[in-house]
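Participant: Here it is, the structure, as structure tokens.
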Amino acid sequence: MKTYTIAVIAGDGIGQEVIPPVLELLEAVGGLHGLSFDWRHFDWGASYFFKHGVMMPPNGLELLAPHDAVLLGAVGHVDIPDNITLNGLLLPIRRGFDQFANVRPAVLFDGVDSPLRGQKAGDIDMAVVRENTEGEYAQIGGFLYHHQPEEVAVQTSVFTWRGCERVIRHAFELARQRNGRKRVASITKSNAQGYSMVLWDRAFHSVAREFPDIKTEQLLVDAAAMNFVRRPQSFDVVVGSNLFGDILSDLSAIVTGSIGLAASANLDPTRRFPSMFEPVHGTAPDILGKGIANPMAAFFSASMMLEHLQAPHAARAVDNAIRAVLAARKVRTPDLGGTATTDQVKAEVIAHLA
């Protein structure tokens with residue numbers, strides 16, 4: 001039996017509500033596929049911040065490094081500024097472990113309705129690949145005349161050839177693996193950002209020449225946002241900078257039915273460091289404590305984790321079970337128009353594993 005050591009950070013808000021069902025689901029699928037899990041829980045997040053003044057301890061990365069993967073719930077609290085929560089936990093893990101490829105699939109599943117007219121199950125099937133360690137979120141800059149009337153803020157974006165080239169290459173490799181349209185769309189804004197995005201465009205052209213079997217498209221980010229709504233079925237793999245990928249991946253989740261289905265993987269494809277898997281939905285304080293958080297985004301994230309851990313049969317079992325529950329249209333949380341609780345969805349998905 002293969003045993004995986006997984007770092008579990010439930011975090012904040014509904015992260016605390018969706019992570020326990022994920023662990024139950026993984027235990028169930030592990031029993032069917034000869035896998036076991038050694039869960040290592042870390043109580044980092046807002047509660048830790050209120051006690052210690054930091055989101056995680058200074059040696060947090062050292063504590064996480066020996067694990068096979070990191071499973072994260074959500075990060076954030078209404079009483080803590082988002083720049084503190086994200087830069088205190090989530091972003092240091094992404095950068096410290098060089099998780100340079102953030103992959104967010106967006107699929108219109110059977111049994112889920114898109115807000116877009118005329119879209120049927122399977123019409124929309126894309127993956128947004130987001131550069132995850134530099135770009136607009138590099139956190140380089142500072143304040144001058146801080147908290148004075150003349151205050152100045154400088155925020156510097158950082159684009160390197162290495163950073164652009166490697167995440168673009170990952171997007172092309174993903175397009176070859178998917179059973180889709182074998183297309184890669186690059187999202188840019190080089191008409192206005194004449195240095196960083198021009199470098200991105202050059203890297204895209206360089207990598208594209210190595211993949212003659214993959215069709216390419218380049219879109220300015222405003223046109224991409226329009227076309228995610230106007231012709232979402234035309235996209236396969238979409239690759240963009242940290243900021244553009246962040247925004248467009250949320251849009252892709254909404255056009256496929258609900259952000260409650262949106263999974264993500266923060267990958268170090270070289271496997272030097274553990275990769276991290278998390279639902280996209282955030283802490284959702286408006287439904288906290290009501291027991292109705294949709295756990296499916298976390299379930300899909302767990303499936304992505306199993307795939308990365310080279311347990312493809314277990315990954316497919318989880319993915320197929322979620323799809324079966326969605327297709328049945330019987331047990332679903334309020335974000336999908338139903339009345340089911342988190343626990344009821346969990347039980348239904350586990351029942352479909354076999």
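Participant: I'd like the residue in the stretch 267-312 that is small (Gly, Ala, Ser) and touching a Ser or Thr at 6+ places or on another chain (Cβ under 6 Å) and, out of all such residues, is nearest to Thr85 (Cα to Cα).
Facilitator: Ala293
Participant: Additional query: Quick check on my filter: what residues within the stretch 7-44 are under 30 Å from Asp79 (Cα atoms) and assigned to a helix (DSSP H, G or I)?
Facilitator: Scanning the stretch 7-44 gives Gly15, Gln16, Glu17, Val18, Ile19, Pro20, Pro21, Val22, Leu23.
Participant: Quick one: would you say Ala298 is under 19 Å from Val280 (Cβ atoms) and crowded, with 23+ Cβ neighbours inside 10 Å?
Facilitator: So Ala298 fits the description; yes.
Participant: Lys330 passes all but one of (1) buried (at least 22 other Cβ atoms within 10 Å of the Cβ); (2) farther than 30 Å from Ile247 by Cβ; (3) not hydrophobic (A, V, I, L, M, F, W, C); which number fails?
Facilitator: All conditions are met except number (1).
Participant: Just to be sure, is Gly73 crowded, with 17+ Cβ neighbours inside 10 Å, in contact (Cβ under 8 Å) with a residue 60 or more places away in the chain, out of contact with any helix residue (DSSP H, G or I) (no Cβ under 8 Å at 6 or more places or on another chain) and of a type in the set (Gly, Ala, Ser)? Let's see the steps before the verdict.
Facilitator: Values: crowded, with 17+ Cβ neighbours inside 10 Å: yes; in contact (Cβ under 8 Å) with a residue 60 or more places away in the chain: yes; out of contact with any helix residue (DSSP H, G or I) (no Cβ under 8 Å at 6 or more places or on another chain): no; of a type in the set (Gly, Ala, Ser): yes.
Answer is no for this residue.
Participant: Still on this structure: May I ask you to verify whether Glu150 is touching a strand residue (DSSP E or B) at 6+ places or on another chain (Cβ under 6 Å), over 29 Å from Asp319 (Cβ atoms) and surrounded by fewer than 22 Cβ atoms within 10 Å (Cβ to Cβ)?
Facilitator: No, not satisfied.
Participant: Pick from the stretch 262-290 the residues that are surrounded by 17 or more Cβ atoms within 10 Å (Cβ to Cβ), of a type in the set (Ser, Thr, Tyr) and out of contact with any Gly (no Cβ under 8 Å at 6 or more places or on another chain): which of them is nearest to Ala315 (Cα to Cα)?
Facilitator: Ranking the qualifying residues of the stretch 262-290, first place goes to Ser264.
Participant: Here's something else I'd like to know. Pick from the stretch 199-222 the residues that are under 14 Å from Glu165 (Cβ atoms) and among the aliphatic types (A, V, I, L, M): which of them is surrounded by the most Cβ atoms within 10 Å (Cβ to Cβ)?
Facilitator: Per the criteria, the residue is Val207.
Participant: If you don't mind, there's one more thing I want to ask. Scan the stretch 59-82 residue by residue and report those that are under 20 Å from Leu26 (Cα atoms) and assigned to a strand (DSSP E or B).
Facilitator: Ala69, Val70, Leu71, Leu72, Gly73, Ala74, listed by residue number.
Participant: Ok, one more. Given the structure, is Met126 out of contact with any Gly (no Cβ under 9 Å at 6 or more places or on another chain), at pLDDT 95 or above, under 18 Å from Leu248 (Cβ atoms) and buried (at least 17 other Cβ atoms within 10 Å of the Cβ)?
Facilitator: So Met126 does not fit the description; no.
Residues checked against (1) in a loop (DSSP other than H, G, I, E, B); (2) in contact with a strand residue (DSSP E or B) (Cβ under 8 Å, 6 or more places away or on another chain); (3) within 20 Å of Gln139 (Cβ to Cβ):
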| site | (1), (2), (3) |
| --- | --- |
| Thr5 | no, yes, no |
| Ser47 | no, no, no |
| Lys51 | no, no, no |
| Pro57 | yes, no, yes |
| Ile84 | no, no, yes |
| Arg95 | no, no, yes |
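Participant: I would also like to ask the following. Here is a list of conditions, (1) more than 21 Å from Asn132 (Cβ to Cβ); (2) of a type in the set (S, T, N, Q); (3) modelled with pLDDT under 95, and Gln193 meets all of them except one; can you say which number that is?
Facilitator: All conditions pass for Gln193, except number (1).
Participant: Could you list, in sequence order, the residues of the stretch 79-93 that are buried (at least 21 other Cβ atoms within 10 Å of the Cβ) and not polar (S, T, N, Q)?
Facilitator: Those that are buried (at least 21 other Cβ atoms within 10 Å of the Cβ) and not polar (S, T, N, Q): Gly88, Leu89, Leu90, Ile93.
Participant: Between a residue in the stretch 168-182 that is of a type in the set (Phe, Trp, Tyr) and any residue that is assigned to a loop (DSSP other than H, G, I, E, B), which pairs come within a Cβ distance under 6 Å, given they are 6 or more apart or on different chains?
Facilitator: Final answer for the pair search is Phe172/Phe211; Phe172/Ile214.
The values are calculated or read from the model by the stated rules, or taken from the named source; none is laboratory data. Note that the coordinates shown come from a computational prediction; the quantities given were computed from them, not determined experimentally. No Cβ is skipped: glycine too gets one built from the backbone with ideal geometry, and neighbour counts run over all protein chains shown.
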